[in-house]
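Engineer: Provided herewith is a single structure, encoded as structure tokens, for subsequent inquiry.
The values are calculated or read from the model by the stated rules, or taken from the named source; none is laboratory data. The model shown is predicted, which means the values in this text are computed figures rather than measured ones. Glycine also receives a Cβ, built like all others from the backbone with ideal geometry; neighbour counts cover every protein chain displayed.
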Amino acid sequence: MKKKKILCVLTAAAMSIAMLAGCGNSSGGSSDAGGDTAAASGSGEYADKKVGVCIYQFADNFMTLFRTELENDLVSKGFSKDNITIVDGANDQATQTNQIQNFITQGVDVIIVNPVNSSSAAAITDLVTAANIPLVYINREPDADEEKRWADNNWNVTYVGCDARQSGTMQGEIIVDLGKETVDLNGDGKIQYIMIEGAPENVDAQYRTEFSVKALQDAGWEVDCLDDQVGNWDQATAQQLVANSLSAHPDTEVVFCNNDAMALGALQSIEAAGRTVGKDIYLVGVDALTEALEDVIAGKMTGTVFNDHIAQSHSTSDAAINYVKGSTNEHYIGCDYVKVKSDNAQSILDSLK
Ligand code: GAL
């Protein structure tokens, strides 16, 4: 299925404008900012509308940035803070399904779901559409069959997020950009790497794992996977995994992590093993967390990929606004990732302040 993408404003110079303007949305709905004062006093344009937001797990660095920005943006566009309820699925689908049922019982005007398991999307969609409530999925993309159902049935259901293949490719390109001579530290003609994956069922993890390595192969590089472990997007887990991996495989040349939280854990173990990023090992993540950007600037991480939580959360509130106003949305609202290396890390960091 060909996906329609909204191109965010990506150049470093224009980044701050993008931050102000948001990512835009596919159906041309206006943001209709209600103004901070009006929203704070509960008299914004959508102050009487109720929004239910289900996050797969609050203890996730990236989703914390996303939900915080989403709430602020909804309020600045005219919703009342009191009518926005954000709940923690605690990484348990049964818990989240109950939370969705509660939102339905409360009669909220729109439900935003970051699913615990994307494979539960069909069941979630059935529940929510049966109650005639519009639904916006975020961050964890349901599969193509599920997205096709929304279009076929003309349901008010959409997905806001990025295409994880792009982030994987960018991770690989960051390594390829260094040149094979540089990365192939032991000069055996192959790149020895370890891969630290996010969650098993997660499409972002699967695609980043596949496409990061594919970018090396597409450049004609031979690769040699020394270890592939699941770190569940978590820093402490990754730290332990990488410590084990580096001691079993001291010839590791590249550490690929599916996100920055895990890359930060990997960096702790790289340093504990007496290794130096940029000199005798290379390390890449995804998300552009502040700490990771600072590490890229300091040369302690080779690079990362900006997962634009600002554009994505703003597109999410725009989609919610369209639904509560009675208009529609495209069924896929995308946003581009941005490759981050030492030359643009500072400008990305500045744009996030
Ligand atoms: C990814 C992000 C990860 C994690 C995950 C949760 O897009 O890069 O850090 O938040 O989503 O589904």
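Engineer: Among the residues that make up region 141-158, is at least one of them outside the structural domain of PHE103 (by TED's automatic domain parsing) and crowded, with 23+ Cβ neighbours inside 10 Å?
Structural biologist: Checked region 141-158: no residue is outside the structural domain of PHE103 (by TED's automatic domain parsing) and crowded, with 23+ Cβ neighbours inside 10 Å.
Engineer: Looking for whichever is farther than 30 Å from TYR137 by Cβ, part of a helix (DSSP H, G or I) and not assigned by TED's automatic domain parsing to the domain that holds ASP92 here; the options are GLN171, GLN206, GLN217, GLN192. Which one fits? Reasoning before the result, please.
Structural biologist: Numbers: GLN171 fails: farther than 30 Å from TYR137 by Cβ; GLN206 fails: farther than 30 Å from TYR137 by Cβ; GLN192 fails: part of a helix (DSSP H, G or I).
Sole residue among the options that is farther than 30 Å from TYR137 by Cβ, part of a helix (DSSP H, G or I) and not assigned by TED's automatic domain parsing to the domain that holds ASP92: GLN217.
Engineer: Let me ask something else. So which residues in region 257-277 are more than 13 Å from the ligand (Cβ to nearest atom) and either β-branched (Val, Ile, Thr) or under 14 Å from THR304 (Cβ atoms) (or both)?
Structural biologist: Within region 257-277, ALA266, LEU267, ILE270, THR276, VAL277 meet the criteria.
Engineer: Please go through region 114-132 and pick out each residue that is out of contact with any Leu (no Cβ under 9 Å at 6 or more places or on another chain) and either within 16 Å of the ligand (Cβ to nearest atom) or in a loop (DSSP other than H, G, I, E, B) (or both).
Structural biologist: Listed by number, the residues that qualify are ASN114, PRO115, VAL116, ASN117, SER118, SER119, SER120, ALA121, ALA131, ASN132.
Engineer: So which of ILE333, ILE321 ends up being under 30 Å from TRP155 (Cβ atoms) and over 18 Å from the mean Cα position of the chain (by Cα)?
Structural biologist: Just one listed residue meets the conditions, ILE321.
Engineer: Could you list all residues from region 265-294 that are assigned to a helix (DSSP H, G or I) and crowded, with 23+ Cβ neighbours inside 10 Å?
Structural biologist: Within region 265-294, GLY265, ALA266, LEU267, ILE270, ALA292, LEU293 meet the criteria.
Engineer: If you don't mind, another one. So in region 133-153, with the set limited to residues that are within 19 Å of the chain's Cα centre (by Cα) and over 13 Å from GLU330 (Cα atoms), which one is farthest from the ligand (Cβ to nearest atom)?
Structural biologist: Selected residue: ALA144.
Engineer: Another question, then. Identify all residues within region 230-255 that are of a type outside the set (A, V, I, L, M, F, W, C) and within 16 Å of the ligand (Cβ to nearest atom); write none if there are none.
Structural biologist: Result: GLY231, ASN232, ASP234, GLN235, THR237, GLN239.
Yes/no matrix, rows are residues, columns are (1) modelled with pLDDT of 95 or more; (2) farther than 21 Å from ARG67 by Cβ; (3) within 16 Å of the ligand (Cβ to nearest atom):
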| residue | (1), (2), (3) |
| --- | --- |
| GLU294 | yes, yes, no |
| HIS309 | yes, no, yes |
| SER313 | yes, no, yes |
| ILE321 | yes, no, no |
| LYS325 | yes, yes, no |
| LYS341 | yes, yes, no |
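Engineer: Which of the following residues is surrounded by 21 or more Cβ atoms within 10 Å (Cβ to Cβ) and modelled with pLDDT of 95 or more: GLY198, GLY179, GLY187?
Structural biologist: The conditions single out GLY198.
Engineer: May I ask you to verify whether GLY326 is assigned to a loop (DSSP other than H, G, I, E, B) and among the small types (Gly, Ala, Ser)?
Structural biologist: It is true that GLY326 is assigned to a loop (DSSP other than H, G, I, E, B) and among the small types (Gly, Ala, Ser).
Engineer: Please note which helices (runs of 4 or more DSSP H) are completely contained in region 1-98 and include at least 2 residues that are modelled with pLDDT of 50 or more and under 19 Å from the mean Cα position of the chain (by Cα).
Structural biologist: 61-76
Engineer: Among the residues of region 154-164, which ones are outside any helix (DSSP H, G or I), within 13 Å of the ligand (Cβ to nearest atom) and farther than 23 Å from LEU74 by Cβ?
Structural biologist: ASP163
Engineer: Within region 165-212, count every residue that is within 16 Å of the ligand (Cβ to nearest atom) and of a type in the set (Lys, Arg).
Structural biologist: Qualifying residue count, region 165-212: 2.
Engineer: Moving on to the next point. Name the pairs: first residue in region 162-175 and under 23 Å from ALA311 (Cα atoms), second residue at pLDDT below 95 and assigned to a helix (DSSP H, G or I), Cβ to Cβ under 9 Å, at least 6 apart or on different chains?
Structural biologist: Qualifying pairs under 9 Å: ALA164/VAL203.
Engineer: Right, another one. Consider THR328 carefully, then state whether it is touching a Ser or Thr at 6+ places or on another chain (Cβ under 8 Å) and over 23 Å from GLY198 (Cβ atoms). Working first, answer last.
Structural biologist: Details: touching a Ser or Thr at 6+ places or on another chain (Cβ under 8 Å): yes; over 23 Å from GLY198 (Cβ atoms): yes.
Yes.
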